[in-house]
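The values are calculated or read from the model by the stated rules, or taken from the named source; none is laboratory data. None of the values given here were measured: they were computed from a predicted structure. Glycine also receives a Cβ, built like all others from the backbone with ideal geometry; neighbour counts cover every protein chain displayed. Keep in mind that these areas ignore ligands, DNA and RNA; they rest on the heavy atoms of the full protein, side chains included. Shrake-Rupley method; radii C 1.70, N 1.55, O 1.52, S 1.80 Å.
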Amino acid sequence: MLRVLSCITVEHSLPHLIFATVICVLGSMLSMRLFTRVRRSQGLQKTNWLFLSGFVGGSTIWTTHFIAMLGYQTPVANGYDPTLTLLSLFAAVATTMIGFAIASIAQKSALIEAGGVIVGLGIAVMHYVGIAGYEIEGRLEWQTSYVVASLVLAGLFGAVATNRIGRPITRFCRHGAALSLILAIVLTHFTGMAGLTILPDATVAAPTEIISDGIMTGLVSAVMIIILALGASTYIIDMQSTQAAVERYRHLSLHDPLTNLANRAAFNEHLSALVNKPRDMTANIAVLSFDLDRFKEINDVHGHAAGDAVLRAVAERLSRIMQSGQFVARVGGDEFVAVMCDYFVRSDAKGLAQRMLDEIARPIEWNGHALTVGSSIGISTYPGQADTLDDLLSQADIAMYRAKSTATNSICFYEPSMDQAARERNALASEMREGLARGEFELFYQQQNDTLTRDIVGLEVLLRWRHPVRGYISPSNSFRSRKRPALSSSLVNGCCGPLERKRQPGRTRCASPSTSRRSSSATTAYRRSCIRSFSRAACRRRDSRSRSPNPASSPIINMRCRQSVG
């Protein structure tokens, strides 16, 4: 050990050691990073990374050795044989490349360490081939123990270097791999040189065709600078390409492909960041929720291409009017959400909402058609009644539905009383489904007479819900619940079936022979009329006494199903 330290401190010049150390550290770090790329790649790309990592690694080993040799103090004249010097460079590059190739064959195998051993032994091969090309006026004597120790250290630390890349434990393992390669290079050189003794011999003449120290210094420096620059630039280009791909994938994952607006995930991420970051305590966050009115009609009449064009146009307009601190996202279908982080008074959010309504209401030209949609906007604020982000978004939706119940292109701020109404509507909708299963809905029939002849020309059917506890439910309480398409369809299918099978009017029976002559096509048209009327009927109260003396004839849900008779 003392002999190795003496070789480092006494027999080598300090400037050359510093230069060799810098080259060794930079080259080893770059080589192991390139080797990481080799293990992650496949096919031709893997071959390219393997060639680059082997070339950079081998050149690092060779350059470190010869820079150190240039600083080696000898009592006699010396030089370098060109053939063996170049052969040592080839040996370093070839063995490093072969070792990295073997270490990258399997993800988890002993070949990882075997490849590292080959890299380490390649360092020793390069060292002793290079020493063979070291021409002096004297003789070289070796101590076998130091030579064997250099071989063992080279193989050991070479295996550790590839092991840290192939079997990482922490994120610092890549630095441990570079350090192991540095130790393999340094210990192999200085342990081997510690076992070398130069005996001057005047009878031994130095060859005439040798490379002087000055030329060798310039050659080694130029080669290593070029190689390091090439490897580093390639690695940086790959990193930038990878980063660009990652950013691209992230953009695709956080944006809607049709409108290029932020999607629900991006909106949630943005809103969470706004809530968690420090901000002006006098400013709140306002969330605006809205969808497009009459959008389904455009899809049904003009097709989905027209619907897509409407969504793109609306998204472009909304993006154009967003100002600093404002953000808009498409969260699904024709549903949009906007957020502003500089909300102080209601007029701030109301101004943004009105600008959005104005832009949405503008006609959209598509294939010679002027397509028009509308919207209603619900607004909730944070901090306010909402304790969590889910509550904030839910309150904005509740306010939007309240706005839609008033008029198109209206704006509504969330109020706590809306929650109770929403809960009651949801509970009523649930009870309606149960009531349908229990047969609580009843049909009441009204005949329609010709005003001149008094002949029966049709029937008007009223659907009523007799709740087992509440009795007959008021239409104003049940209308919102039955607007849900699935529940509406279930009610029509469940209640109009008995209507089709009846040949006479119900509670106010009115005999008419023509009612039994209804054709199957009339039945189908009659059923469709029921569904259309049920889906579009306005919820209004009627005077039960004008329709029937039975007080139960007060309509709960006014479904006007008309059938022509005769």
Output for Cβ contacts, cut-off 7 Å, separation at least six or different chains, first residue more than 19 Å from residue 92 (Cα to Cα) in region 221-247, second open to solvent by 50 Å² or more (accessible area, probe 1.4 Å), reads 235/33
The correct count of residues that are among the charged types (D, E, K, R) and under 14 Å from residue 155 (Cα atoms) in region 108-136 is 1
In the set 380, 410, 375, the lone residue that is within 25 Å of residue 260 (Cβ to Cβ), open to solvent by less than 50 Å² (accessible area, probe 1.4 Å) and polar (S, T, N, Q) is 375
Within region 211-263, the residues that are of a type in the set (Gly, Ala, Ser) and under 24 Å from residue 314 (Cα atoms) are 253, 262
Of the listed residues (273, 244, 265), the one being part of a helix (DSSP H, G or I), closer than 30 Å to residue 38 by Cβ and at pLDDT 75 or above is 244
Residues of region 334-352 being modelled with pLDDT of 90 or more and loosely packed, with under 15 Cβ neighbours inside 10 Å, in sequence order, are 351
Residue count, region 235-252, condition open to solvent by less than 70 Å² (accessible area, probe 1.4 Å) and among the polar types (S, T, N, Q), comes to 2
(1) in contact with a Gly (Cβ under 9 Å, 6 or more places away or on another chain); (2) at pLDDT below 85; (3) part of a helix (DSSP H, G or I) all hold for residue 221 apart from (1)
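From the list 164, 139, which residue is farther than 21 Å from residue 220 by Cβ, out of contact with any Asp or Glu (no Cβ under 6 Å at 6 or more places or on another chain) and modelled with pLDDT under 95? Reasoning before the result, please.
Details: 139 fails: out of contact with any Asp or Glu (no Cβ under 6 Å at 6 or more places or on another chain).
Going through 164, 139 in turn, the sole match is 164.
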State whether the residues of region 323-339 include one that is in contact with a Phe, Trp or Tyr (Cβ under 6 Å, 6 or more places away or on another chain), closer than 23 Å to residue 399 by Cβ and basic (Lys, Arg). yes
Among (1) of a type in the set (Val, Ile, Thr); (2) open to solvent by 30 Å² or more (accessible area, probe 1.4 Å); (3) touching a residue at least 60 places away in the same chain (Cβ under 8 Å), residue 117 falls short only on (3)
Discussion item. Going residue by residue through region 411-422, is there one that turns out to be at pLDDT below 75, out of contact with any Cys (no Cβ under 6 Å at 6 or more places or on another chain), over 30 Å from residue 275 (Cα atoms) and assigned to a helix (DSSP H, G or I)?
Written reply: no
Assess whether residue 108 counts as being surrounded by fewer than 21 Cβ atoms within 10 Å (Cβ to Cβ), outside any helix (DSSP H, G or I) and without any contact (Cβ under 8 Å) to a residue 60 or more places away in the chain.
-> yes
ask   = Just wondering, is there one or more residues in region 359-369 that are in contact with a Lys or Arg (Cβ under 9 Å, 6 or more places away or on another chain) and open to solvent by 60 Å² or more (accessible area, probe 1.4 Å)?
value = yes
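Which one of 375, 319 is at pLDDT 90 or above and not in a helix (DSSP H, G or I)?
Checking each option against the conditions leaves just 375.
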Checked pairs for region 293-312, first free of Cβ contacts under 8 Å to residues at least 40 places away in the same chain and farther than 12 Å from residue 374 by Cα, second buried (at least 16 other Cβ atoms within 10 Å of the Cβ) and among the β-branched types (Val, Ile, Thr), C-beta under 6 Å and 6 or more apart or across chains, list as 307/298
